[in-house]
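The values are calculated or read from the model by the stated rules, or taken from the named source; none is laboratory data. Only a predicted model underlies this, so the values are computations on that prediction, with no experimental measurement involved. All Cβ positions, glycine included, derive from the backbone under ideal geometry; neighbour counts span all protein chains shown. Areas reflect the complete protein model, heavy atoms only, side chains present, ligands, DNA and RNA absent. Shrake-Rupley method; radii C 1.70, N 1.55, O 1.52, S 1.80 Å.
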Amino acid sequence: MPRFTAYSESTTTPFFITFMKFIGIIPARFASGRFPGKPLVDIRGKTMIQRVYEQALKCSLLDELAVATDDRRIFDHVSSFGKVFMTKAEHQSGTDRCLEAYDILNSEGMYSDTDALLNIQGDEPFISPDQIALVVHGLTDKNRGIVTLKKSVREAHVFHDPNVVKVVCAANRKALYFSRAPIPLSRDESRVAQQHDSILGYKHIGLYGFRISTLRAVSALPKGKLEATESLEQLRWLEHGYDVYVEETGIDSYAVDTPEDISKLPG
């Protein structure tokens, strides 16, 4: 039977039909250079990984949802409330861990390479299910192999923060470049200073959707110079000629990279 599904950041009225299936995978490592053990940190009575899982579970467009981890402590904890897979310790990126988890999940061949996987970041405890739905909707275009999100930035301190990844796109929504630097950088700083409420640029929200066939292809790519320079895996895909489509969301995203970031989470 065809599946009737829909997207809107403010409504759930159906308006498209798709035969695709969508699998959400949340990669969660215990080791972290800046915040070891952060998936298990307590955030208002629940661990961060449980909050991410419960938020993603609210998106009714996902056919499956699971955590992919390399740590027994995370595995045991997630097992108490959801689905989790143990993956090997060494991976180039969270995306590669997602692919391993998918292969474990699909050991009986329930899904095909025409279906899609969403890499849902395990350090964004208040991710919106509507953002997940926006990526799902973007993937229903058969010409798209990778879809991600952006949000406008108006605050100068955010735009210039190297921990906030920025993105610039073409008119057809394809990403031109991702960077930790403020891009595009205006040469007229005085003009920027006068535009208090103007959009300075767009920050990248690290939620990725892949067709499975594309995920397999990009996971096999060698690390390129751009990725090594900026420490951004999506630059590997661009450098090797893959298109990354970027949908715009009006909903902000709050990542936890350091212990100090917990105090900055919305109330």
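Miscellaneous remarks
- For the chain, size of Cβ-based charge dipole, Lys and Arg +1, Asp and Glu -1, in debye: 160
- Surface analysis of the range 146-267 yields an accessible area of 51 Å² per residue, using protein heavy atoms and a 1.4 Å probe.
- The helix-only estimate of mean residue ellipticity at 222 nm for the chain, built from DSSP H runs of length n ≥ 4 each weighted as -39500 (n - 2.57), is -7000 deg cm²/dmol after division by the residue total.
- Once both labels are positioned 7 Å from their Cα atoms along Cα-to-Cβ, the gap between Val158 and Ala220 label points is 4.0 nm.
- Comparing Leu226, Leu185, Leu61 in a Gaussian network model of the chain, where Cα atoms under 10 Å apart are tied by springs, the biggest mean-square fluctuation is seen for Leu185.
- Stretching the chain fully between Tyr254 and Lys46 yields a gain of 73.2 nm (0.36 nm per residue, less the alpha carbon separation).
- Cα centroid separation - the range 211-267 against the range 102-145, whole Å: 14
- Ordering of 162-168, 139-145, 25-31 by packing [mean C-beta count within 10 Å, highest first]: 25-31, 162-168, 139-145
- Placing +1 on the Cβ of every Lys and Arg and -1 on the Cβ of every Asp and Glu, with nothing else charged, gives the range 223-267 a dipole about its Cα centre of roughly 180 debye.
- Pairs from the list Lys166/Lys225; Lys203/Lys264; Lys88/Lys142; Lys58/Lys83; Lys166/Lys264; Lys151/Lys225 with a Cα-Cα gap above 22 Å: Lys88/Lys142; Lys151/Lys225.
- At R0 = 41 Å, FRET efficiency that the Cβ-Cβ distance of Ser231 and Phe19 yields, to 0.05: 0.65
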